[in-house]
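Here is the structure we will look at.
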Amino acid sequence: MALSLLHVVFLGAAMPLLLFCTPAAGAGVVGVNYGRVANNLPDPASVVQLLKQNGITMVKIFDAFPQSLRALANTGIKVTVMMPNGNLADAARDPGYALGWVRRNVKAYYPDTQIHDVAVGNEVSYSSPDLTWSLVPAMTNVQKALADLGLADAIKVTTPVAFSAVNVSFPPSAGRFLDDIAQPVMRPMLDLLQRTGSYFSINIYPFAAHDAHPDVIPLDYALGNYTPGVVDPVTGLVYHSLLDAQLDATYFAMENLMGAGGAARDGILRASLTESGWPSGGRVARPQAVAEADGAPAASVANAQAYNNYLINRVLSGNTGTPHRPDADMDVYIFALFNENQKGLGPDDVEQHFGLFYPNMQKVYPFDFNPPTESWCVANAGAGGARLKAGLDYACGHGADRRGPSNPAGRASSPTPWSRTPRTRSTATTCAITRQAGCATSAAPPPSSTRHQVNLH
Ligand SMILES: *[C@@H]1O[C@H](CO)[C@@H](O)[C@H](O)[C@H]1NC(C)=O
């Protein structure tokens, strides 16, 4: 509906039709999550060399591991550090504790190490629900500590939220946070993020939705390349990528909570995709249905290559917007840098296969973090397999080529941090897989009657 209106308005104004070929734009930086839940990873100094060799300019860690922070010094690599969930209760209760933590784990390294965010906790409302009430008070005290130390302009406070916090995600325009955290937690959090010029950080795994409901979530939709498209019947917006639909559900949840004219408006409060990725192998552990434990056909090298290249190339081509927020800037952190052999619930769990690199620092499949120096579409034509080629064709047909390389230098500092997740606790990917299963139903495309193709041209 809204789309038809746009057509009328733009055609009436004799705007170039080319506009309709670029439904999304927006700048961002693409980085990686450097997790260390493994016993066979290279030392931090070697890891930093690997980042540099591969043109990776932004990294998020799950702690404030001194060796990692020292190795990242004087590299220009932007770093997000994380206050682990285990510190939240103290940080919430005691401003002095938060100040001491920031002194030791942030100020001690800055500015040699370009820390630009502190993630306070990780997926707290999902993985540590008992700490949910400590989250915003802890963020507030960490923010105050940064201000007291004169760091609040350079370093932002945020907290990665699991997508399971978005209770209603289809249609995207109906996006809502879970009732029990919307008013008491999300609202003051969004206020704090807006007041401090920070970002709303969200972890989203289209893989999880597809894996849980392959019958209703087409693989191509999860890979960002579903040609028919899925229509939001309320807005008329068309989604070719589940990631876009999930991001828009998040934006709408923010707006539906804060009011469309409030803090959540485009340009005021940005989102950062602090985790997304796709496994190149392994099995999904399904505690309730052990018999199905070997079924994760979508976890393959080809699909991981297609999805992560889709993410990287969207950011590099200046295409981080969504149908609802076409101009939204957004940073993206791919999960993860390495395959981590101590993650998950058992041997060969998919969680151990999210890496871009094997522990021996060999790439699991081809990818390139360097901005293209020539036309990205020309440079990538013919690259990869059929699946990847289809994704490239779609992206190039939708304006990726016209944007050229993004200009990371031209934008303000960006998002997030993190640290080692204790292996005994459910980790980010588990969250996504086990909880997003519940979200997946609502993320499903609408009934076939509304799943018609809409011609963007
Ligand atoms: C999630 O959304 C459904 C449907 O609107 C609603 O009935 C339910 O109460 C919500 N649950 C929570 C925890 O928000």
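Rule-based calculations on the coordinates, nothing more; no lab input. Source: prediction; values computed, not measured. So basically every Cβ, Gly included, is an ideal-geometry build from the backbone, and we count neighbours across all protein chains shown.
What residues have an amide H closer than 5 Å to that of VAL157, excluding those fewer than 5 places away on the same chain, when H is modeled at 1.01 Å from N in the peptide plane?
Result for VAL157 returns VAL118.
Quick one: if you stick a label point 7 Å off each Cα along the C-beta vector at GLN49 and ASN370, how many nm between them?
Simple spin-label model gives 1.9 nm for this pair.
Determine the shape class of segment 203-252: with a ≥ b ≥ c the square roots of the Cα gyration tensor eigenvalues, call it rounded for a/c under 1.5, and otherwise prolate if a/b is greater than b/c, oblate otherwise. Mind dumping the intermediate values first?
Details: a/c = 1.91, a/b = 1.28, b/c = 1.50.
It comes out oblate by the Cα gyration axes.
Rounded to the nearest 0.05, what FRET efficiency do ALA154 and ASP215 have when you use their Cβ-Cβ distance and R0 = 60 Å?
Working: r = 48 Å, r/R0 = 0.80.
E between ALA154 and ASP215, to the nearest 0.05, is 0.80.
Semi-axes, largest first, in whole Å: what does sqrt of 5 times each Cα gyration tensor eigenvalue give for segment 160-282? Mind dumping the intermediate values first?
Values: eigenvalues 129, 52, 32 Å².
Each semi-axis is the square root of five times an eigenvalue, giving 25, 16, 13 Å.
With the cut-off at 25 Å, tell me which of the pairs LYS144/LYS343; LYS107/LYS144; LYS343/LYS363; LYS52/LYS363; LYS60/LYS363 have Cα atoms farther apart than that.
Details: LYS144/LYS343 34 Å; LYS107/LYS144 13 Å; LYS343/LYS363 19 Å; LYS52/LYS363 14 Å; LYS60/LYS363 19 Å.
Among LYS144/LYS343; LYS107/LYS144; LYS343/LYS363; LYS52/LYS363; LYS60/LYS363, the Cα-Cα distance tops 25 Å for LYS144/LYS343.
I need the peptides 172-179, 47-54 ranked by packing, meaning the mean over residues of other C-beta atoms within 10 angstrom, with the highest value on top. Don't skip to the answer; put the middle values down first.
Values: 172-179: 19.5, 47-54: 17.0.
Output ranking for 172-179, 47-54: 172-179, 47-54.
I need the peptides 37-45, 106-114 ranked by packing, meaning the mean over residues of other C-beta atoms within 10 angstrom, with the highest value on top.
The most tightly packed comes first, giving 106-114, 37-45.
How far apart, in nm, are two points set 7 Å out from the Cα along the Cα-to-Cβ line at ASP94 and at VAL301?
5.1
Would you mind putting 219-229, 156-166, 356-366, 94-104 in packing order, based on average other-beta-carbon counts within 10 Å, highest first?
My ranking of the peptides, most packed first, is 156-166, 219-229, 94-104, 356-366.
Looking at the square roots a ≥ b ≥ c of the eigenvalues of the Cα gyration tensor of segment 112-188, which shape do they give, rounded for a/c under 1.5, prolate if a/b is larger than b/c, or oblate?
Note, shape of segment 112-188 comes out prolate.
What is the distance, in nm, between label points placed 7 Å from the Cα along the Cα-to-Cβ direction at ASN40 and at LEU178?
3.5
Run the paramagnetic zone check for ALA147: 7 angstrom along Cα to Cβ, then residues of segment 188-202 with backbone nitrogen under 17 Å.
Backbone N within reach: 188-199.
Give the percent of DSSP beta bridges with both residues in segment 85-222 that are antiparallel, rounded to the nearest 5.
For segment 85-222, the DSSP antiparallel bridge percentage is about 25.
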